[in-house]
Amino acid sequence: MIDWRELELDEMADWPLAAQTVMAIVLAGLLALAGSWYWVSPKLDALDRLKLQEQELRVLFSRRANQVAALPKVREQVNILQDRYEQVVEQLPEEEELSRLLASVNDSGVRNGLLFERIEWAARIEHPLYFELPIHINVVGEYEDIGRFAADIAHLPRIVLLKDIDLRRSEPDQEALQLKVSATTFRFKTPPMEGG
């Protein structure tokens, strides 16, 4: 049996073969651990980062594939929205059509037997993309006539909203009603010309 306490490191060449073998295995193990720490460990970290990147790219690829698959349906929806947008734009009056719109509102009231006390444009209200164009209207007439007038306004070829409605008897002892209303239409702003 080998007495390990008697072995000196500087006399390793003279050690018995079993002791030299054990020492060679220990040194080889230490070298293997140091080598793995120095060379393999950074490679494993890089591998982990690449695996994480692969997962992120797979998720991104899946999203993009779903977007591409949905593209025909999205294009169809955009076309439908574009058609609706064009229909609405056609219902908005141009600047030169505003006087005809006011005349149409007046004609609707007269046709329904209403007496106009006031019909005039109010101040234009500016929004980022469009103008709001209110018309102040005061009319006197029977309940059914006022109802038909409101229905005629709703059927105009241009968009006109009735709001701020005030309906009351014109005088306490009369059947006639007085309607004060703001009829509002809209007009897109003309986009600024580029390049000059």
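The values are calculated or read from the model by the stated rules, or taken from the named source; none is laboratory data. Keep in mind the model is a prediction, meaning the values are calculated, not measured. Quick reminder, even Gly has a Cβ in these numbers, built from the backbone with ideal geometry, and neighbours come from all protein chains shown. To get the accessible areas, we keep the full protein, side chains included, count just its heavy atoms, and leave off ligands, DNA and RNA. Shrake-Rupley method; radii C 1.70, N 1.55, O 1.52, S 1.80 Å.
Key figures for this structure:
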item: Subset of the stretch 85-98 (residues that are in a helix (DSSP H, G or I) and open to solvent by less than 80 Å² (accessible area, probe 1.4 Å)); result: V88, V89, Q91, E97, L98
item: Filter result (open to solvent by 100 Å² or more (accessible area, probe 1.4 Å), within 18 Å of the chain's Cα centre (by Cα) and of a type in the set (A, V, I, L, M, F, W, C)) within the stretch 58-84; result: L81
item: Meets criteria (among the small types (G, A, S), free of Cβ contacts under 8 Å to residues at least 12 places away in the same chain, in a helix (DSSP H, G or I) and within 30 Å of T185 (Cβ to Cβ)) for S41; result: no
item: Strands (runs of 3 or more DSSP E) contained entirely in the stretch 108-179, each with at least 3 residues that are open to solvent by 20 Å² or more (accessible area, probe 1.4 Å) and basic (K, R); result: 161-169
